[in-house]
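Just so it is clear, none of the values below were taken in a lab; they were calculated from the coordinates. Fair warning: this is a prediction, and the values are worked out from it, not measured in the lab. With ideal geometry, Cβ positions are generated from the backbone for all residues, glycine too; neighbour counts draw on all protein chains shown.
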Amino acid sequence: PDSDILNYNVDAMIDGDRDHLWHHIKPHRCFQAQEQMIIVKGQGLTVTDIRGREYLDATSGGVWCVNVGYGRESIANAVAAQMKQMAYYAGSVGTIPSIKLSGKLLELLPGMGKVYYSNSGSEANEKSYKIIRQATTIDPQRKGKYKILYRDRDYHGTTIAVLASSGQAERKKDFGPFPEGFVQVPHCLCYRCPFAKTYPGCDIQCARAIENIILEQGPDTVGGLILEPITAGGGIIVPVDEYFPVVQDICRKYGVFLVIDEVVAGFGRTGAFFGHQHFDVAPDMITLAKGMASAYEPISATVVKQPIYDLFLNDPADPESRMHFFRDISTYGGCAGAMAASLENIRIIEEENLTENSRVMGGYLLDRMRELLDHPKVGDVRGKGLFLGVELVADKTSKAPAGEVQVGAVVDAIKAEGVLVGRTNSSLPGLNTTLYYAPALVINKEEADRMVDATRKGIEAAFG
Ligand code: PMP
């Protein structure tokens, strides 16, 4: 055996989990109250906990990232082979996997020109902000255009600058003050239209409002707009077809870089290879993470159009210097094993037609989930591809949100049926009331049926 890393003692792990590990985004009190689930194994869509219980994971690892499913030996082999050959060199130098992966990504993203690596979704987005900000010093036409617009309900990451651009108020409430220059625009969730309109016939006011905000702020001050193509944590929001063309026209009119955050929606999740490819839009920058290596390794990227890269060839602020470059670095943006994982992950998605399976099985799952609309507490069922939300309400007519405790009880009851689902955050305080489904793209009909059946039972158990 190469290593004893896979060996463990059950009791020691349970004690260690309670005593040593600081879990992400979980109330501290629950550790004293009850033993927490510890995952020890994964295969396909199924994970096994330390007590030997098996669950069908509808969340691809909790946060929608294990797109190709668990147990992919070929990814492990690709990573091992690359690590043995050459584990790491800084991103200031090319390596075989970084060159191959960039070529592959640009093939998948026609119209884009260069790929810049880092290692989390937060960083990939932060790089796009740094590009927007540095562009104000190197392009005289962009002087002063430092503000970045973000959308209510969208989420772009956890570090302070990207958190400043979070449309989920409860995520940022404890962490101010934030850097200045981030401005919120309305969301586009029709079920809870911010303008109380009904589509069609609304003139896509949510998109047109962005122009008014740019005018209020001063077009000379606004440099970028970041959007999720299909919003994840804010409630699984699919814009109507007319949305993106309107947004893009506004961005072009005012010289605002359009950044599309594909961190969740990318790599087949929504039934297209990238989420924005459902719509008529050509972004200036695209950020990638999560499904990029199906979280077998951490890796992310900021992909830009060639003219944005070319801006950095000239630095009028520093004409005598040879230092013309994007002044940024990321140590682990050079991890060759992570790039090998990404290349093999993309090969699997293509060879197994997983984007098509996401489209077809996603359509099936959405149709079946819509059967739940007959329940008085199911307000809305929405999604695209294998990316679905089931919004729970206290009352269908008023759309008053379901109680948080009850939604927690639904999630627990679905788990008791052997299925792991998640619940979203949103910008309205206390509204964590949309169940989400983002299973691995290899899902079959029987697994989809189990998710629907478990959800119905869970809702009935919690609400009666
Ligand atoms: N963008 C979106 C749309 C996300 O959902 C997330 C994380 N859930 C991020 C960015 C941040 O990614 P990370 O956690 O890898 O920093």
**OP:** With runs of 4+ DSSP H residues as the only contributors, calculate the mean residue ellipticity of the chain at 222 nm using -39,500 (n - 2.57) per run, divided by the residue total and rounded to the nearest 500.
**Re:** -11000 deg cm²/dmol
Original post:
Net charge near Val393, counting Lys/Arg +1 and Asp/Glu -1 over other residues with Cβ under 13 Å of its Cβ?
Top reply: 0
**OP:** Round to a whole angstrom and tell me the spacing of the C-alpha centers of segment 390-462 and segment 162-189.
**Re:** 26 Å
Original post:
In what order do Lys399, Lys173 fall by count of nearby beta-carbon atoms within 10 Å, going from fewest to most?
Top reply: Lys173, Lys399
Original post:
Using Cα-only point scatterers and the Debye equation, what is log10 of I(q)/I(0) for segment 74-351 at each q in 0.09, 0.12, 0.14 Å⁻¹, rounded to two decimals?
Top reply: -0.42, -0.74, -1.00
**OP:** Return the sequence-ordered ³J(HN,Hα) values of segment 225-240 in whole Hz as given by the Karplus equation 6.51 cos²θ - 1.76 cosθ + 1.60 applied to θ = phi - 60°, using x for Gly and Pro.
**Re:** 9, 10, 9, 7, x, 9, 5, 8, x, x, x, 6, 10, 9, x, 6
Original post:
Mind checking the dipole of segment 120-230: about its Cα centre, +1 per Lys or Arg Cβ, -1 per Asp or Glu Cβ, Debye to the nearest 20?
Top reply: 40 debye
**OP:** Could you grab the relative contact order for segment 74-351? Cα pairs under 8 Å, six or more apart, rounded to a whole percent.
**Re:** 30 percent
Original post:
Can you tell which of Ser330, Val246, Val381 lies farthest toward the positive end of the dipole of the chain, using +1 and -1 charges on the Cβ of basic and acidic side chains (Lys, Arg; Asp, Glu)?
Top reply: Val246
Original post:
If the limit is 27 Å between Cα atoms, which of Lys41/Lys114; Lys127/Lys290; Lys130/Lys172; Lys100/Lys172; Lys84/Lys305; Lys114/Lys147 go over it?
Top reply: Lys41/Lys114; Lys100/Lys172; Lys84/Lys305
**OP:** Straight distance only, please: which lysines reach the Cα of Lys399 with their own Cα at less than 18 Å, same-chain residues fewer than 8 apart left out?
**Re:** Lys197, Lys377
Original post:
What residues qualify as long-range amide H neighbours of Val40, i.e. H under 5 Å apart, gap of 5 or more or another chain, H built at 1.01 Å from N?
Top reply: Thr48, Asp49, Ile50
Original post:
Name the residues of segment 392-427 whose amide N is less than 12 Å from a point 7 angstrom out from the Cα of Ala33 along the C-beta direction?
Top reply: 405-406, 408-409
Original post:
By per-residue mean of other Cβ atoms within 10 Å, what is the highest-first order of 406-416, 256-266?
Top reply: 256-266, 406-416
Subject >> Placed amide H near Ser300: partners under 5 Å, 5+ positions off or other chain >> reply: Ser118, Asn119, Ser120
Original post:
Near the amide H of Phe182, under 5 Å away, which other amide H atoms are found, from residues 5 or more places off or on another chain, if H is placed in the peptide plane?
Top reply: Ile148
Subject >> Highest to lowest packing among 180-187, 439-446, 127-134, 11-18, scored as the average C-beta count within 10 Å >> reply: 127-134, 439-446, 180-187, 11-18
**OP:** Just add up the charged neighbours of Pro97: K/R +1, D/E -1, any other residue whose Cβ is under 15 Å from the Cβ of Pro97.
**Re:** +2
Original post:
With the calculation restricted to Cα positions, what are the radius of gyration and Dmax of the chain in angstrom?
Top reply: 22.3, 74
Subject >> Burial ordering of His156, His375, His20, fewest other beta-carbon atoms within 10 Å first >> reply: His20, His375, His156
Original post:
Any idea what the dipole of the chain comes to, in debye rounded to 20, about its Cα centre with Lys/Arg Cβ at +1 and Asp/Glu Cβ at -1?
Top reply: 660 debye
Original post:
Where Lys and Arg each count +1 and Asp and Glu each count -1, what net charge lies around Gln248 among other residues with Cβ under 10 Å from its Cβ?
Top reply: -1
Subject >> Point-charge dipole on Cβ atoms (K/R +1, D/E -1) for segment 184-310, about Cα centre, debye to 20 >> reply: 260 debye
